[in-house]
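A.B. asks: My structure is below; once you've seen it, I'll send some questions.
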Amino acid sequence: MGRCRHDDRGGSYPVIDQLREELAEAVRKSGIDPEGALELERTKDIAFGDLSSNAPLVFAKPAGLAPMQLAEKIVAHLSIDPAIILKVEIAAPGFLNFTFSAPFLENQLRAISDQGPRYGRSDAGRGKRALVEFVSANPTGPLTVGHGRGAVLGDTISSILAWNGYMVEREYYYNDAGLQIQRLGASVQARYLEALGRDFEFPEEGYQGDYIRDIAAEIITDQGEDLTEVSDFSSAAIGSIFKGISKTLEGMGIRFDNFVNELDLHKTGKNGQSAISEVIDTLKAKGVIVERDGATWIKAEALEGDKDKVLIKSSGEPTYRLPDIAYHRDKIERGYDLIIDIFGADHFDTYPDVIAGVKELGLPTDRIKVLIHQFVTLIKGGQQVKMSTRKASFVTLDELLEEVGADVVRYFFLAKTMSSPLKFDLELALKSSDDNPVYYLKYAHARMVNILKRGAAAEMRPDVDGADLSLLRLPEERLLLHLLWLFPEVVKNTGKSLEPHHIAIYLDELAKAFHRYYTVARVVTDDMKLSLARLVITDACRQTLANGLTVLGIEAPDRM
RNA sequence: GCCCCGGUAGCUCAGCUGGAUAGAGCAACGGCCUUCUAAGCCGUAGGUCAUCGGUUCGAAUCCGAUCCGGGGUACCA
């Protein structure tokens, strides 16, 4: 019987590891080597207990036994702690179902009470540093709804990693050099001249949004009427647009630790060389660079692809690949254990080249994880809105936030897998914001708080040590105990899968279980002892739901 | 053409490291407020899990083809 390494009031997940080890031992004693392929998971239905294993099914063949027979054998060899497990049942066609003991679950209530706002945190990433790069929209226009998805995902994944013990930095990288920025400057210049009643020519591939006119007007008031350099217009535009982007992000509760820009990678460092030219020199020394048609290419073999790709254009400007390689090299050299890039589906083809380039520099790329989220399709009036920053046909994130609020936007983006395209029906979101699913969670929290207030008004407060928790005997209470125990497990698993929607789904389940509990049982009654016990579980639900909402960056209101 | 993602209830989506009756929300229909907020709960109805084939004791889940939708395939980012 392995002793729990943690304070047994601490995280509940070590219990799973411990049980899995005991199960593995029983399987071994039954004559089979499980080789770590052992499954011990949450049951899909509480009717099957709290944890379940399909080991008898999986190992029936190598054991030469029928699954049910093997199950008997494994159970016979199983030595479990009765303080944790009440019973182990064999279920056809060959499952082992484990049910937690009441004292174990009651102990969870103690853990929640003790840990409070920290309940659910794990130390899986203790001592490790993670960097999450997201949004990284170039300052050529306001953030769109599409950027919003990446923003919310990045922020929440950062938060999930922090809950798993990582030291996390949120980083925003942007290109403030290159063609798009030049177009931006030229566009502003044209509007500037237009506003001053002078001759102007709007660039063919220019940015057409109204915000360009606003920026031009700003420049006239701030800097006068004599500007001529395109770069002056560019930098003024970048400054202004960035201010807007930061405001939008703040409105969603997102704050970055670092901003990194491309221009810095062009600047000469202490060794008299820029980060970018260092990369080129190193790659040249590796012999993976060719000059052709006046441009500098990286060879296909280095990219593990079939085409050479341009690093420096014949105009002398680098393509996005080169600064991106230099940027990733910098990230690795800064010593992070985990480097996460969050991109939209449109960047799908860019990152393998960048990673390959970094690898070619002789740096370890295994710590880089690239997460791609699919697009947000905006539906307006039954019609799909095509979004393009340049053509100014977009709905800004600001507009959306103003209409439905940050919490709704965050939940909407988080409740679905990032690998699936997201349809955002604008009118539906605007119209029916009252029965939006996020209100279901918020309402559950408000309801819990309200019950606790009722208790307090009757001089009853949730006190784990003073309450008789054995009075919690309803099936609805049993389900809640199961879900409360599960929360740290969900946080931990999400820390590995980096799929925040699992938390959203879990919270929905918890809220549903509580809403149901509310209708079948009254918490605050004349029965003092029962009331106290129920206040304890209500408070545990409140704490857990609040913690989950905190991870998602959604407010948990006390009343609605 | 090639690469990636998706195709599950009328709609939006979970489930996908193969397992116990395929789930939820919205929409529809029928119930539940003298009781801690009905922004809630319960019930009914709704499915060839895109199609075909394969692997397996067992496939929505894995493999191969096909069809449909989205994204990419630049000396744009």
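A.B. asks: What number, rounded to the nearest 500 deg cm²/dmol, is the helix-based mean residue ellipticity at 222 nm of chain A, given -39500 (n - 2.57) per DSSP H run of at least four residues and division by all its residues?
C.D. replies: -16000 deg cm²/dmol
A.B. asks: Can I ask one more? Translational diffusion coefficient of chain A at 20 °C, 1.002 mPa s, Stokes-Einstein with Kirkwood Rh over Cα pairs, in µm²/s as a whole number. Kindly include the intermediate steps, with their values, before the conclusion.
C.D. replies: Working: Rh = 27.1 Å.
Answer, rounded: 79 µm²/s.
A.B. asks: Want the number for A:LYS44 to A:ASP114: 0.36 nm per residue separation, take away the alpha-carbon distance, what's left? Write down the numbers at each step before the final one.
C.D. replies: Working: separation 70, 0.36 × 70 = 25.20 nm, distance 2.87 nm.
Length gained between A:LYS44 and A:ASP114: 22.3 nm.
A.B. asks: Would you work out if region A:287-382 is rounded, prolate or oblate? Take a ≥ b ≥ c from the square roots of the eigenvalues of the alpha-carbon gyration tensor; rounded if a/c is under 1.5, else prolate when a/b is larger than b/c, oblate otherwise.
C.D. replies: Numbers: a/c = 2.27, a/b = 1.30, b/c = 1.74.
Oblate, since a/c reaches 1.5 and b/c is not below a/b.
A.B. asks: I'd like the orientation of helix A:321-333 relative to chain A: the angle between its Cα long axis and the longest Cα principal axis, in ° from 0 to 90, rounded to 10.
C.D. replies: The two axes meet at around 50 degrees.
A.B. asks: Taking K and R as +1 and D and E as -1, what net charge do the other residues with C-beta under 12 Å from the C-beta of A:SER274 add up to?
C.D. replies: Numbers: positive: A:LYS267, A:LYS270; negative: A:GLU262, A:ASP264, A:GLU278, A:ASP281, A:ASP330.
Neighbourhood net charge equals -3.
A.B. asks: Let me ask something else about it. Which percent, to the nearest 5, of DSSP beta bridges fully inside chain A are antiparallel?
C.D. replies: 50
A.B. asks: From the phi angles alone, apply the Karplus equation (6.51, -1.76, 1.60; θ = phi - 60°) to region A:281-298 and give each ³J(HN,Hα) in whole Hz, x where the residue is Gly or Pro.
C.D. replies: For region A:281-298, the Karplus curve yields 4, 4, 5, 4, 4, 7, x, 10, 10, 10, 9, 7, 6, x, 10, 10, 10, 9 Hz.
A.B. asks: What residue among A:SER231, A:LEU38, A:TYR327 has its Cα farthest toward the positive end of the dipole of chain A, where the charges are +1 on Lys, Arg and -1 on Asp, Glu, each on the Cβ?
C.D. replies: Highest projection toward the positive end goes to A:LEU38.
A.B. asks: Here is a follow-up. Which whole-angstrom value gives the distance between the alpha carbon centres of region A:361-378 and region A:130-170?
C.D. replies: A separation of 12 Å, based on Cα centres.
A.B. asks: Moving on to the next point. What residues from region A:431-474 fall in the zone where the backbone N is under 16 Å from a label point 7 Å along the Cα-to-C-beta line of A:ASP527?
C.D. replies: Those under the cut-off are A:467-474.
A.B. asks: Now for a different question. How far is helix A:102-115 tilted off the main Cα axis of chain A, in degrees rounded to 10, range 0 to 90?
C.D. replies: With both axes taken from Cα atoms, the answer is about 40 degrees.
A.B. asks: Compute the helix-to-body angle for A:179-195: its Cα long axis versus the longest principal axis of chain A, expressed 0 to 90° and rounded to tens.
C.D. replies: Tilt relative to chain A: about 60 degrees.
A.B. asks: About the Cα centre of region A:292-382, how large is the charge dipole given +1 on each Lys and Arg Cβ and -1 on each Asp and Glu Cβ? Please answer in debye to the nearest 20.
C.D. replies: In total the dipole reaches around 180 debye.
A.B. asks: If you place +1 on the Cβ of every Lys and Arg, -1 on the Cβ of every Asp and Glu, and leave all else neutral, what size is the dipole of chain A about its Cα centre, to the nearest 20 Debye?
C.D. replies: 1520
No lab work stands behind these numbers, since they all come straight from the coordinates. Keep in mind the model is a prediction, meaning the values are calculated, not measured. When we count neighbours, we look across all protein chains shown, and the Cβ atoms used for this are built from the backbone with ideal geometry, even at glycine.
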